[in-house]
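Take a look at the structure below.
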Amino acid sequence: MKSNFYGGGTALHVAVGSFAKQEIIELLLRVGGLELFDITDGGGFRVLDYCDAPEREVIVNSLVSIEKNSKLCERDLVASLEQRKRFSSSAITPREVENWIHQGQLDLFRDHFNNTNVSKAEKIRCLNYRDVLNGRNLLHTYSSYCYPVDIGSCVVNLMDEDYLFYPDDEGNTCLHLACTPNIDQRKQLKIAKFLIDNAGTDLIHVVNGHNETALHKLISSYCLGVMNLDLIKMMIESGDDDLLLVQNSTQCSVLHYISMYALGEELLVYLVSKGGRKLRELTDHNGKKAEDYWTDDVKEYINLSTNTLPSLSDDIQCPICFDTMFDVTIITRRCHRFCGKCISESYHRSGNNCPVCRMEFSVQDLKKDPLLSSFANAIQEEKDAKNLLEEEVKALR
């Protein structure tokens, strides 16, 4: 009755882990015998470990039915009664610990893992348990829900660094699962940062069975309308130069993802600026570059934003207020840039002549320039930090 369904487990392991009906459980026990309960899978887990309270009840009812309707010898009857006793006990199983995470019963999880009467070995055993449906361990499940960091710390403090790299059946790491659609962007950013801080930046570069990095997952979420731009930028800044060049099993890069869904000009500009010519030259399984999916308006906007930037060594000043530009806005016909507020006030106060060259423009010619805004913000932050340092030095004199 052994099988290769799941890491050397039996069909009974799989049936219990898959919420099978009593008729199936009973049939497997009649054919395979009670010794099925003592067989361990590849992770050392018995059938009882796969049970939560409802599944235990199914097992007990199956045994009662077999005892009632079958002619068991005295030895088998004693064994059946012993198994019923085991499955009726109140001992906490790895499956039940996993259910706490699925059901958001975090206080039960905290109490169990902070309980000094529960051995470290038993806690680690629970963390190594993988569910039958997709081969996920407790950290995978935790990451997919983006629960509080203290829960993750309970897990990470007990396990070695390799645990954060363990894949599920599809090759997804905990970071892949943390980057699936989540409406609470702050929690998602916090959990992803926690995982990367503990595993190191190598975790960002791990690919799953579809050759997707966690960034691919995150960009997919962006395409579905769950736009965690802060996390996308954090991961790109943390990864190496080749991260953006990874192509999935259909040869799509993250730039292809965004381009095909025609979403997020700001993100398009950011990706192009970071990935450069190498990223733009990548082709998918149809032989198309990402820009082949762009509309003419998007192409014009991207080219304006990436090809007409001033040197970063220059002081990025607004020609109107002469301060570092903020919320940068470009007059696309003239390629002149200003603070968004400054050009808006100028337009309403002085008319539709460009403050730099005096040529006419319309409201439709005004576009936000998120890429230069990020550069300008960085320069302003550097200035502020320098000024703060100078003030602190003066205060020490």
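The values are calculated or read from the model by the stated rules, or taken from the named source; none is laboratory data. Here the structure is a predicted model, which means the values were calculated and not measured. Cβ: placed from backbone, ideal geometry, glycine included. Neighbour counts: every protein chain shown.
In table form, for the structure just shown:
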| quantity | calculated |
| --- | --- |
| Hits in region 316-366 (condition: within 16 Å of Glu266 (Cβ to Cβ) and modelled with pLDDT under 85) | Thr332 |
| Sole residue being under 19 Å from Asp292 (Cβ atoms) and surrounded by fewer than 18 Cβ atoms within 10 Å (Cβ to Cβ), chosen from Tyr257, Tyr261 | Tyr261 |
| Counted residues, region 16-39 - those being in a loop (DSSP other than H, G, I, E, B) and either within 18 Å of Ala79 (Cβ to Cβ) or touching a strand residue (DSSP E or B) at 6+ places or on another chain (Cβ under 9 Å) (or both) | 2 |
| Pairs, first assigned by TED's automatic domain parsing to the domain that holds Tyr166 and aromatic (Phe, Trp, Tyr) in region 120-135, second part of a loop (DSSP other than H, G, I, E, B) and buried (at least 19 other Cβ atoms within 10 Å of the Cβ), C-beta under 7 Å, six or more apart | Tyr129/Phe45; Tyr129/Asn137 |
| Among the candidates Val78, Val58, residue that is surrounded by 13 or more Cβ atoms within 10 Å (Cβ to Cβ), assigned to a helix (DSSP H, G or I) and aliphatic (A, V, I, L, M) | Val58 |
| Set Asp111, Asp150: member being charged (D, E, K, R) and out of contact with any Lys or Arg (no Cβ under 9 Å at 6 or more places or on another chain) | Asp111 |
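For (1) in contact (Cβ under 8 Å) with a residue 24 or more places away in the chain; (2) not basic (Lys, Arg), each residue gets a yes or a no:
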residue: Gly9; (1), (2): yes, yes
residue: Glu23; (1), (2): no, yes
residue: Glu26; (1), (2): yes, yes
residue: Asp49; (1), (2): yes, yes
residue: Arg56; (1), (2): yes, no
residue: Asn61; (1), (2): yes, yes
residue: Glu74; (1), (2): no, yes
residue: Leu108; (1), (2): no, yes
residue: Phe113; (1), (2): yes, yes
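Residue-wise test of (1) more than 27 Å from His13 (Cβ to Cβ); (2) at pLDDT 95 or above; (3) more than 12 Å from the chain's Cα centre (by Cα); (4) not in a helix (DSSP H, G or I).
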{"position": "Arg130", "(1), (2), (3), (4)": "no, no, yes, yes"}
{"position": "Asn134", "(1), (2), (3), (4)": "no, no, yes, yes"}
{"position": "Gly152", "(1), (2), (3), (4)": "yes, no, yes, no"}
{"position": "Gly171", "(1), (2), (3), (4)": "no, yes, yes, yes"}
{"position": "Asn182", "(1), (2), (3), (4)": "yes, no, no, yes"}
{"position": "Arg186", "(1), (2), (3), (4)": "yes, no, yes, no"}
{"position": "Leu189", "(1), (2), (3), (4)": "yes, no, no, no"}
{"position": "Leu195", "(1), (2), (3), (4)": "yes, yes, no, no"}
